[in-house]
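Step one of this worksheet: look at the structure below.
Just so it is clear, none of the values below were taken in a lab; they were calculated from the coordinates. Computed from a predicted structure; not experimentally measured. Backbone-built Cβ (ideal geometry, glycine too); neighbour counts: all protein chains shown.
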Amino acid sequence: MVSKLRSKHALDELCKTILEERAKDNAKLLVTVCNGTGCRAGGSAAVIEELKHEIVSQGLTDKVNIRTTGCHGFCEAGPMFIVQPGDIFYQRLKVENMADIVRETIIGGNIIDNLLYTNPVDGATYIHQSDIPFYRGQQRIILGSNSRIDPCNIEDYIALGGYSALAKAFEQDSGQIIEEIKESELRGRGGAGFPTGVKWEATRKAYGEPKYVIVNCDEGDPGAFMDRTLMEGNPHLIIEGLIIGAYAIGTNEGIIYVRAEYPLALSNTEVALRQAEAYGLLGNDILGSGFNFHVRIHRGAGAFVSGESSAMVSAMQGEPGEPRLKYVHLAEFGLKGRPTNINNVETWANVPLIIDKGASWFNSIGTERSKGTKIFCLTGCVNNTGLVEVPMGMPLRDLIQDIGGGVPNNKKVKAVQVGGPSGGLIPEQHLHTAIDFDELSKMGAMMGSGGLIVMDEDTCVVDMAKFFVDFCCEESCGKCIAGREGLRIMREYLNEICAGEAGADAIEAIEDIAELMRDASLCALCRTAANPVITSLRYFREEYEDHIGQKRCPAKVCPSLVNYYVDPLKCNSMCDLCLSNCPSKAVQGRKFKPLWIDQEKCIKCGICSDVCSHRYKAVSKFSGEQVPSRFLRKGR
Amino acid sequence: MTNSVNLIMDGREISARQGLTILEAAQEVGIEIPTLCYHKDLNPFGACNLCSVEIQQNGSSRIVASCAYPVEPGLRVKTRSPKIDKIRRMLIEVVAPRVSQGGTLRGRLRRLADEYGANSSRFASKSTAEPLECILCGLCVRYCAEVKKMNAIGFVGRGIDRQVVLYPAKAQQCYQCKACYKVCPTGKIAVSMPKVAGDFPSEFCVDAYLSTHGTKLHKLSSLEQI
């Protein structure tokens with residue numbers, strides 16, 4: 001049982017003791033294994049188990065330490081770990097590699113080349129994590145410590161200087177802290193980009209007791225997992241930020257809203273809260289300052305719309321997670337009618353850094369109106385998928401080409417979807433756009449919470465817009481007419497366009513509905529839900545017109561507008577992969593003759609094309625164009 | 001406590017009590033703003049947004065729901081403008097397929113459609129909603145909860161699957177109350193509610209159902225769809 005820390009001095013002493021003890025341990029090797037959700041899905045648990053087993057069986061337990069950490073960000077290359085000293089980064093690990101690693105690297109001190117990261121673009125291999133292009137272009141002020149901390153061990157966090165920002169905050173009065181945050185020009189990372197300091201001040205000045213501070217960890221965009229990674233990998237950073245915020249705003253009650261679909265984030269946060277309390281960093285008289293603060297976790301039941309702040313408040317009160325009109329702000333009338341301050345996980349995570357290093361350090365990073373860094377989830381058609389943290393102002397192209405490593409299979413970028421279902425599509429010719437709240441809004445997209453989906457030339461923008469509208473149809477609340485009926489009718493139009501059944505009035509109708517949703521929806525979810533449709537219409541209008549007028553899907557994606565044919569010149573005639581894999585028995589033919597596809601039976605699943613593409617590429621797709629006569633069965 | 005606020009509405013300088021909403025202030029001076037989900041005894045809900053108005057503040061103009069926006073000194077409000085008329089026209093057009101299959105409107109909605117030039121059958125073939133004759137304004141739900149304090153009727157489902165249902169455990173009292181019959185703007189409730197007291201799903205039914213069917217709550221067919 002540790003004794004509670006009752007002063008800044010005690011915290012400093014503890015940090016010193018931990019560092020001294022660890023320095024003594026320096027003779028030991030340290031293996032830091034990523035155990036984030038991405039690597040877990042890749043089998044990291046079995047890898048860790050095998051590594052431990054191998055170390056025990058070789059009698060190395062007193063020579064090697066294993067630290068399981070949160071997500072390192074490079075999910076494409078998981079499971080992964082770093083061996084210290086030497087800073088050797090091994091990736092795409094399997095259970096069977098462990099014996100080799102223990103024998104070669106841990107005992108022998110040699111590097112195993114084929115487990116190092118090889119750049120798919122130029123074939124170069126890298127030993128150190130920080131040299132890899134994916135990491136080199138980033139500025140990981142928040143995420144950086146993820147790979148050095150065991151989230152279930154508060155001492156790892158304290159050893160890195162954790163909670164010293166809190167101790168520093170207690171030496172100032174609340175007004176100074178709010179001034180510092182305002183001066184840093186930190187803007188909310190949840191999407192809208194509202195100045196955090198202004199929000200804090202409004203909550204502080206609002207009349208009513210008790211006040212509440214809330215962490216919004218109800219992330220739900222398709223392909224976005226920034227909040228999850230931070231909450232799982234470094235919960236103390238968020239807790240420290242929350243305590244500083246609570247002290248500045250003047251409240252004793254905090255709530256962390258985590259969606260129940262994030263079990264690891266929930267359990268790591270629970271452990272972190274217990275440990276912080278045991279060390280006297282939460283509870284009564286924190287660090288001897290006289291300030292009391294208690295935090296509890298609220299489990300969300302998994303609704304995208306509950307990430308909207310007023311819907312979150314309703315959900316916490318036991319009501320359905322539905323937004324309300326916010327003409328009276330939450331800062332004045334929030335949870336239980338009391339002043340409430342809700343910030344996103346990433347926003348809270350920035351707070352200790354600002355207090356520790358100062359507002360001027362923070363606002364030296366970034367652009368004129370967007371300061372600091374932003375975490376993005378790089379997904380889609382890109383070589384290096386994962387979590388990246390870049391300074392504001394970086395052009396999207398650098399992010400995709402340098403950090404993301406470009407598009408696989410030498411294809412071209414067609415567009416990127418920035419900001420999830422509320423964001424918009426930015427086409428290739430505008431990829432010079434800087435990552436900046438206002439620049440992205442100008443393009444019709446938005447920062448959103450930071451989803452970034454890269455699309456290659458084989459993506460149909462209408463199909464993509466339909467995907468996001470489908471998502472909102474199910475994940476919105478359905479309270480307001482403009483949002484609910486607008487989405488329903490827009491989805492029907494998009495379905496018709498993709499099926500080649502739409503009339504000439506479809507684009508005008510979609511634009512009318514999009515305008516209605518923007519102007520007359522209840523909350524930001526539906527006000528922005530049409531953004532993917534509006535931006536794809538703005539930049540790729542001719543694709544919509546092709547679908548409608550010529551019944552042609554230029555990217556050859558929409559099943560109703562695509563036909564599959566076998567090219568007799570390419571078909572090997574001996575292989576029957578397409579024939580045996582066709583679920584509707586549409587592929588037909590006799591031995592030693594090129595096969596052909598019965599168009600009446602074809603359900604356009606594309607399996608024939610997929611299985612053939614690895615070898616002969618004999619199955620071709622046609623959409624709305626004349627099929628050359630050799631593809632037709634007649635005359636064969 | 002009679003602090004009053006001066007504001008300009010449709011070019012007229014008017015004075016309104018502090019704490020009133022734009023809609024209430026307009027009603028006091030006889031300016032008509034159409035609504036579907038507003039009721040004087042209930043809290044603002046924000047479902048229909050038919051009451052949208054344009055306000056001008058610090059040189060910039062924005063659209064707000066007048067049923068919830070509190071009056072402010074010096075506020076300039078426009079209750080009609082091409083922009084507002086288009087919003088109202090579109091709202092009626094998108095909600096019409098919910099009211100009837102071909103988009104045929106009656107009563108107040110018909111009058112509003114005529115006033116704003118809405119083509120009520122424009123999206124008739126595009127709305128896959130069942131013609132429930134329910135526009136989900138929530139008046140019945142809120143009247144039952146806020147005025148009657150009964151909570152016998154409520155919403156289930158999310159997004160485009162949202163519906164109004166009777167909660168069986170409370171519905172026994174509905175036959176005596178019937179307050180929601182009067183607030184329903186389409187008359188749907190009066191049509192679809194059981195006609196005899198005994199037909200209302202009761203607490204007993206639910207218990208009996210659960211004891212014979214285990215706890216498969218999702219199969220609770222006695223959740224009566226309105």
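So here's what we get for this one:
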quantity	calculated
Full-extension gain in nm, A:Arg92 to A:Val328, via 0.36 nm per residue minus C-alpha separation	79.8 nm
Cut-off 16 Å (backbone N to label point 7 Å along Cα→Cβ of A:Trp361), residues of the stretch A:108-142	A:139-142
Sum of -39500 (n - 2.57) over DSSP H runs of 4+, divided by residues of chain A (222 nm, nearest 500)	-10500 deg cm²/dmol
Amide H within-cut-off set for B:Ile153, under 5 Å, with H built and near neighbours excluded	B:Tyr167
Rounded to 5, the percent of DSSP beta bridges in chain A classed as antiparallel	55
Of A:Lys182/A:Lys336; A:Lys336/B:Lys170; A:Lys412/A:Lys556; B:Lys86/B:Lys188; B:Lys148/B:Lys182; A:Lys24/A:Lys357, pairs whose Cα-Cα distance is over 18 Å	A:Lys182/A:Lys336; A:Lys336/B:Lys170; B:Lys86/B:Lys188; A:Lys24/A:Lys357
Counted charge near A:Cys602, where neighbours are those whose Cβ lies closer than 15 Å (Asp, Glu -1; Lys, Arg +1)	+3
Under 19 Å from the Cα of A:Lys551 - lysines, other chains or at least 8 residues apart	A:Lys466, A:Lys604, A:Lys621
Set of aspartates and glutamates with alpha-carbon distance to A:Lys591 below 19 Å, sequence-local pairs under 8 removed	A:Asp567, A:Asp576
The stretch A:231-329: C-alpha gyration tensor shape, a/c 1.5 cut-off, then a/b vs b/c	oblate
Alpha-carbon gyration tensor eigenvalues x 5, square-rooted, for the stretch A:373-459, Å	18, 14, 11
Efficiency of FRET between A:Ala202 and A:Glu508 - r from beta-carbon atoms, R0 56 angstrom, step 0.05	0.85
Whole-Hz couplings from phi, Karplus 6.51/-1.76/1.60, listed for the stretch A:69-78; x for Gly and Pro	10, x, 5, 7, x, 8, 5, 4, 9, x
With eigenvalues of the C-alpha gyration tensor scaled by 5 and rooted, the stretch A:171-269, Å	25, 15, 13
³J(HN,Hα) computed for each position of the stretch A:4-16 - Karplus, 6.51 cos²θ - 1.76 cosθ + 1.60, integer Hz, glycine/proline x	5, 6, 10, 7, 4, 4, 4, 5, 4, 4, 4, 4, 4
Lysines with Cα under 19 Å of A:Lys52, excluding same-chain neighbours fewer than 8 positions away	A:Lys28, A:Lys63, A:Lys94
Sorted by Cβ neighbour density within 10 Å, fewest at the top, the residues A:Glu543, A:Glu600, B:Glu72, B:Glu93	A:Glu600, B:Glu72, A:Glu543, B:Glu93
For the protein assembly as shown, with +1 on Lys and Arg beta carbons and -1 on Asp and Glu, the positive-most of A:Leu569, A:Cys75, A:Asn65 along the dipole	A:Leu569
Virtual spin-label span in nm between A:Ile107 and B:Arg80, 7 Å along Cα→Cβ	9.1
Per principal axis, descending, Cα span of the stretch A:451-516 in whole Å	36, 33, 18
Computed label-point distance, nm, for sites A:Arg590 and A:Ala99 using a 7 Å Cα→Cβ extension	5.5
Under-5 Å amide H pairs with A:Ile88, H placed in peptide plane, nonlocal only	A:Val83
For A:Ile365, distant residues with modelled amide H under 5 Å away	A:Gly372
Gyration tensor verdict on the stretch A:546-636 (Cα atoms; rounded if a/c is under 1.5, prolate if a/b is larger than b/c, oblate otherwise)	prolate
Estimated FRET transfer efficiency when R0 is 51 angstrom, pair A:Val271-A:Gln550 (beta carbons, to 0.05)	0.30
DSSP bridge pairs, the stretch A:154-363: antiparallel proportion in percent, nearest 5	10
For the protein assembly as shown: Kirkwood Rh in Å [reciprocal of mean 1/r, alpha carbons]	30.4
Calculated over the stretch A:28-138: convex hull of Cα atoms, volume per residue (Å³)	91
Zone of A:Leu569's modelled label, taken as backbone nitrogen in the stretch A:597-619 under 13 Å from a point 7 Å along Cα→Cβ	A:618
The stretch A:302-318 - phi-based ³J(HN,Hα) in whole Hz, Karplus 6.51/-1.76/1.60, Gly and Pro as x	x, 10, 4, 5, 5, x, 5, 4, 6, 5, 4, 4, 4, 4, 5, 7, x
Inter-label distance for A:Cys605 and A:Arg136, nm, one decimal - labels placed 7 Å from Cα along Cα-to-Cβ	4.5
